[in-house]
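Derivation of every value follows stated rules applied to the coordinates shown; laboratory data play no part. This is a predicted model, so every value here is computed, not measured. Don't worry about glycine lacking a Cβ; one is built from the backbone with ideal geometry, like all the others, and counts go over all protein chains shown.
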Amino acid sequence: MIVPQLFWVSEPAMQLFPLAGVLSSTALGQSSGVDCPYIVQGTVFMLIKKAADIASSEITPKSLYLNRRTFLAGTALAGAAALAGVGLRNLLSPATAVEAKAAINGLQKSSFSTSEKVTPYKDVTNYNNYYEFSTDKYEPAGLAKDFKTTPWKVTIDGLVSEKQVLDVDAILKMAAPEERIYRHRCVEGWSIVVPWVGFSLSELIKRAQPLGKAKFVEFTTLYDPKQMPGQRVPVLEWPYVEGLRLDEAMHPLALLCFGMYRETLPNQDGAPLRIVVPWKYGFKSAKAIVRIRFTDSQPVNTWNKSAPNEYGFYSNVNPNVDHPRWSQGKERRLGEFTKRPTLMFNGYDQVASLYSGMDLKKNF
Ligand code: MTE
């Protein structure tokens, strides 16, 4: 039996609850989703607060911005851990859910890496959007602890010369692993800087040998409600699907990712295989990929399906195109108090030519 839950949805969380917005503005006859008293969505009840009622502590958790000293201490701890050769996870409080991961050796440096300050490991691995596990950002770390990532097969099919079903280990061996320190910007208005590990997605695409008529690539992620409790609730249509235009996917910045902080990916961050598309909002970076399909028509991505007027196919980070209910002009880096301006393409200007001649307001 699914027990009804009662929880607040703050303004940024509403961005990840487009269905709530749709229901609030249609079923309840209101123009905006943020001020309705409550919504009945199947067995899930959500209370939506007015923007003015929302303490900023609900948007960015207290621990992430009120107590900067803790963060500075955390950074010092990381430094001390590095010096002592001890993994940071060993020094964290028992309440912080982290898992032992395997080190990835032989990492190549990348000229795509930013020199900006890397966000602490404990924040990146304990503040996650992973709806297959939970809509609460603090829960995936714990709920995904026993998630099984071996064996893991990935099907490569659609418009390719030959369908392949590959073990993830075979994919990992396709190219030398690189460390890519990228900015990651969520549509909710927060951002992080992460030292991902992987190699260009183009390495896999070349080996997949897409046919000439393939114009898009679709990523389907795991559907396994037994292991993924969030999939037992219809907050999204499962499995989670994302997609890219083939030339976007071939851009060297698009990363096929299997690690972070020089170790294999923690489950809550998308183990064993995800993509990272740093010039797009975070929801384009699908986790736990099991199928890569080449097509001649534009894939319908999950968030676009839930609320087409709010989440486009392209979803390039764009400070000039606001979400229907929220500005995208600024963002809060986790661990920082003040907001910083959001940059076009998240600062990755080298992708601009992919969109020349396109109206990015229409193709949001
Ligand atoms: N992939 C799957 N399969 N399920 C998800 O819920 N959330 C997306 C993206 N990929 C999501 C997903 C969103 S909204 C964001 S911001 C990023 O993952 C978050 O990645 P992180 O938790 O590693 O920071």
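For the stretch 259-273, enumerate the residues that are assigned to a strand (DSSP E or B) and either crowded, with 23+ Cβ neighbours inside 10 Å or touching a Phe, Trp or Tyr at 6+ places or on another chain (Cβ under 6 Å) (or both).
Listed by number, the residues that qualify are GLY259, MET260.
Please give the strands (runs of 3 or more DSSP E) falling wholly within the stretch 126-239 in which 2 or more residues are of a type in the set (Ser, Thr, Tyr) and either out of contact with any strand residue (DSSP E or B) (no Cβ under 9 Å at 6 or more places or on another chain) or buried (at least 18 other Cβ atoms within 10 Å of the Cβ) (or both).
Details: elements: 153-158, 164-167, 178-185, 190-200, 216-221.
Strands (runs of 3 or more DSSP E) meeting the threshold: 190-200, 216-221.
For the stretch 190-238, which residues satisfy the criterion of being away from the ligand (no atom under 14 Å from the Cβ) and among the aromatic types (Phe, Trp, Tyr)?
PHE199, PHE216
From the residues in the stretch 105-125 that are β-branched (Val, Ile, Thr) and assigned to a loop (DSSP other than H, G, I, E, B), which one is farthest from the ligand (Cβ to nearest atom)?
That would be THR114.
Here are GLY282, GLY270, GLY259: which of them is touching a Cys at 6+ places or on another chain (Cβ under 6 Å), within 17 Å of ILE192 (Cα to Cα) and within 13 Å of the ligand (Cβ to nearest atom)?
GLY282
Being among the hydrophobic types (A, V, I, L, M, F, W, C) and crowded, with 22+ Cβ neighbours inside 10 Å is the filter here, so list the residues in the stretch 284-322 that pass it. Quick ask: steps written out before the conclusion?
In the first step, residues of the stretch 284-322 are kept if they are among the hydrophobic types (A, V, I, L, M, F, W, C); the result is 286, 288-290, 292, 294, 300, 303, 307, 313, 317, 321.
Correct list: ALA286, ALA288, ILE289, ILE292, PHE294, TRP303, VAL317.
If a residue has to be more than 12 Å from the ligand (Cβ to nearest atom) and either farther than 18 Å from GLN209 by Cα or not small (Gly, Ala, Ser) (or both) to count, how many in the stretch 292-303 make the cut?
Number satisfying all stated conditions: 8.
Just one of ARG340, ARG325 is surrounded by fewer than 13 Cβ atoms within 10 Å (Cβ to Cβ) and among the basic types (Lys, Arg); which is it?
Unique residue meeting the criteria: ARG340.
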